[in-house]
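Take a look at the structure below.
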Amino acid sequence: MPERNLHPPAASSFLGSVNRMFDRAAAAVGLDPGLAAVMKHCRAVYQVRFPVRIRSQYQVFVGWRAVHSEHRLPTKGGIRYAPVVDQDEVEALAALMSYKCAVVDVPFGGSKGGLCLDPAQYTADELEAITRAFTRELARRQFVSPSINVPAPDVGTGPREMAWMADEYRRLYPDDINALACVTGKPATQSGIRGRVEATGRGVQYGLREFFRHPEDAARAGLGGTLAGKRVVVQGLGNVGYHAANFLSEEDGAKVIGVIERDGAVFDPAGLDVEALAEHRRATGGLRGFPVRFDPDGAAALEVECDILIPAALENQITAANAGRIRAKLIAEAANGPVTFEADEVLRSRGVVVIPDFYLNAGGVTVSYFEWIKNLSHIRFGRMDRRIHELRADRTVAAIEAAVGRPLPPELTAGLRAGADELDVIRSGLDDTMRRAYQEVRDEWHGGRSGDLRTAAYAVAIRKISRSYQEMGV
Ligand code: NAD
């Protein structure tokens with residue numbers, strides 16, 4: 001790795017934004033300043049430099065793992081591989097993880113990790129060697145452990161990297177029966193769980209559906225009805241953005257009129273074929289050349305008029321510089337930290353409703369929680385009781401048919417008879433989580449002194465974490 005990447009620029013407003021949003025909510029709930037100081041900052045940040053032999057030469061890699069809160073253990077949060085990662089960013093993301101877990105009642109503390117590297121510059125074998133070395137560094141100081149700190153995928157990492165981490169950890173601790181619970185987001189065939197890859201996008205869909213179930217909330221954004229026909233612009237067609245866009249268009253009838261990627265944006269007022277666009281991007285590496293209108297100025301595309309803008313790329317995309325020009329009625333934050341504090345203030349004053357990141361993208365950590373439980377229990381969901389439910393349903397159908405004296409139509413009984421498999425259980429748990437959390441946040445929004453959804457979500461998280469600290473000791 002070139003030396004310049006070992007010292008990425010440290011200054012970023014991401015952590016500052018998260019902290020100022022926290023301060024705004026702490027004031028709204030009247031949080032004790034001492035407790036606020038305890039809660040706001042990371043408890044521990046571990047910086048690591050380690051060598052890996054790549055193409056006959058040693059390269060030194062630099063990474064971080066930050067632990068924000070330990071009021072619940074294990075702490076939880078993704079690991080990011082990107083050319084520019086720094087401590088500020090990792091700390092901000094770790095803080096968001098604490099608030100995220102609290103708001104959706106996932107019993108974890110917050111953590112996050114990052115490694116400075118551009119995955120595109122390395123072969124799969126090299127990435128495996130780097131990931132295994134990083135895992136060893138983290139494990140030796142308990143920054144990865146099934147009971148203390150459990151990483152997951154984030155930008156630049158996915159099931160493959162998680163499988164390498166889990167395998168490396170198991171080699172280090174072969175007598176730990178729960179070793180595979182040391183990371184989540186593993187492939188379903190390697191002790192992962194079905195539905196984890198798309199979980200964050202699925203959670204965005206469930207969160208948006210719940211928002212539109214409350215007409216008075218949608219009305220605050222100047223919207224009504226359901227997601228059907230809503231004009232959506234998505235920034236970032238990666239894991240989160242692709243799945244969210246695909247589910248919203250395929251299952252809810254939303255019109256994805258614009259998609260923004262690194263090389264520019266594509267538009268179709270009739271609604272883009274998200275699957276075909278993703279396929280085009282896989283084949284060509286970008287959006288250019290897809291047979292619709294293309295604009296190389298991706299940043300300008302954020303300002304296109306639409307009903308729902310879904311930033312699903314990276315932090316700091318909507319800033320004081322462009323917030324005044326955003327023409328979306330609703331901003332659904334699928335990425336972490338896409339709106340800076342200053343931009344948030346501008347959007348608030350303009351009446352643009354923002355569904356905040358640490359609520360809306362909590363689907364990933366929620367399903368990670370299910371995966372962790374599955375790993376600890378060593379059994380997949382549905383294995384013990386699926387056939388019992390099917391048997392009971394068969395008996396119920398038989399009893400009804402005996403009572404009415406004729407067979408029920410098969411299209412009616414098919415749905416009744418099928419027992420829930422793992423994916424059904426996961427989706428049900430995720431849907432319930434996203435709905436309940438939204439209802440709690442909106443109660444705070446309408447009834448408290450929060451003023452907007454983000455501050456309300458912070459208020460809910462702050463209350464839960466502070467209660468925990470007060471009851472168990474700081
Ligand atoms: P990803 O790497 O799969 O996707 C990010 C996409 O954004 C990529 O396609 C990239 O090309 C694009 N992108 C980057 N910069 C851009 C720019 N300036 N303009 C337009 N597009 C740009 O990552 P992901 O896992 O989908 O994560 C996206 C965001 O969601 C991040 O903020 C991440 O922290 C957050 N998040 C991810 C998960 C998860 O489960 N993966 C969970 C919660 C939150």
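The values are calculated or read from the model by the stated rules, or taken from the named source; none is laboratory data. Bear in mind the structure is a predicted one, so any value in this text is a computation, not a measurement. Reconstructed Cβ throughout: ideal geometry from the backbone, glycine too, with neighbour counts over all protein chains shown. Keep in mind that these areas ignore ligands, DNA and RNA; they rest on the heavy atoms of the full protein, side chains included. Shrake-Rupley method; radii C 1.70, N 1.55, O 1.52, S 1.80 Å.
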key: Verdict on A334 being touching a residue at least 40 places away in the same chain (Cβ under 8 Å), in contact with a Leu (Cβ under 7 Å, 6 or more places away or on another chain) and under 20 Å from M21 (Cβ atoms)   = yes
request  = From R202, R196, grab the single residue that is more than 16 Å from C306 (Cα to Cα), touching a Ser or Thr at 6+ places or on another chain (Cβ under 9 Å) and within 16 Å of the ligand (Cβ to nearest atom).
outcome  = R196
remark   = Subset of region 105-144, residues surrounded by 17 or more Cβ atoms within 10 Å (Cβ to Cβ) and β-branched (V, I, T), comes to V106, I130, T131, T135, V144
message = Out of everything in region 251-292 that is of a type outside the set (V, I, T), part of a strand (DSSP E or B) and more than 13 Å from the ligand (Cβ to nearest atom), what residue ends up being surrounded by the most Cβ atoms within 10 Å (Cβ to Cβ)?
response = K255
message = Restricting to region 311-355, name every residue that is of a type in the set (G, A, S) and either crowded, with 18+ Cβ neighbours inside 10 Å or within 16 Å of the ligand (Cβ to nearest atom) (or both).
response = A312, A313, A321, A323, A328, A332, A334, A335, G337, A343
Residue list for region 66-80, filter: touching a residue at least 40 places away in the same chain (Cβ under 8 Å), closer than 21 Å to A25 by Cα and part of a loop (DSSP other than H, G, I, E, B) = H71
ask   = When region 147-157 is examined, which residues are found to be open to solvent by less than 10 Å² (accessible area, probe 1.4 Å) and either touching a Pro at 6+ places or on another chain (Cβ under 8 Å) or within 11 Å of the ligand (Cβ to nearest atom) (or both)?
value = N149, V150, A152
ask   = Do you know which residues across region 194-217 are crowded, with 24+ Cβ neighbours inside 10 Å and without any contact (Cβ under 8 Å) to a residue 60 or more places away in the chain?
value = Q205
note = Here the qualifying pairs (Cβ atoms under 7 Å; residues six or more apart or on different chains; first in region 166-193 and more than 14 Å from T131 (Cα to Cα) and of a type in the set (F, W, Y); second open to solvent by less than 30 Å² (accessible area, probe 1.4 Å) and away from the ligand (no atom under 16 Å from the Cβ)) come out as Y173/A179
ask   = So, of the residues in region 238-250 that are open to solvent by less than 10 Å² (accessible area, probe 1.4 Å) and under 13 Å from A312 (Cα atoms), which turns out to be farthest from the ligand (Cβ to nearest atom)?
value = A245
key: Residue selected from region 81-107 under the condition under 18 Å from A44 (Cα atoms) and outside any helix (DSSP H, G or I), by the criterion nearest to the ligand (Cβ to nearest atom)   = V85
ask   = Checking E303 against (1) assigned to a loop (DSSP other than H, G, I, E, B); (2) buried (at least 23 other Cβ atoms within 10 Å of the Cβ), which single condition isn't satisfied?
value = (2)
task = Filter region 208-237 down to residues that are more than 17 Å from A334 (Cβ to Cβ) and either polar (S, T, N, Q) or within 16 Å of the ligand (Cβ to nearest atom) (or both), then give me how many there are.
result = 1
ask   = How about region 118-217: which helices (runs of 4 or more DSSP H) wholly inside it have at least 2 residues that are under 19 Å from the mean Cα position of the chain (by Cα) and more than 30 Å from K230 (Cα to Cα)?
value = 159-172
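Table: residues versus (1) exposed (fewer than 11 other Cβ atoms within 10 Å of the Cβ); (2) at positive phi; (3) not in a helix (DSSP H, G or I).
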{"position": "S368", "(1), (2), (3)": "no, no, no"}
{"position": "E371", "(1), (2), (3)": "no, no, no"}
{"position": "L376", "(1), (2), (3)": "no, no, no"}
{"position": "R380", "(1), (2), (3)": "no, no, yes"}
{"position": "H389", "(1), (2), (3)": "no, no, no"}
{"position": "R392", "(1), (2), (3)": "no, no, no"}
{"position": "E401", "(1), (2), (3)": "no, no, no"}
{"position": "R406", "(1), (2), (3)": "yes, no, yes"}
message = So T413 ticks every box in (1) within 27 Å of R395 (Cβ to Cβ); (2) hydroxyl-bearing (S, T, Y); (3) crowded, with 20+ Cβ neighbours inside 10 Å but one. Which box is left unticked?
response = (3)
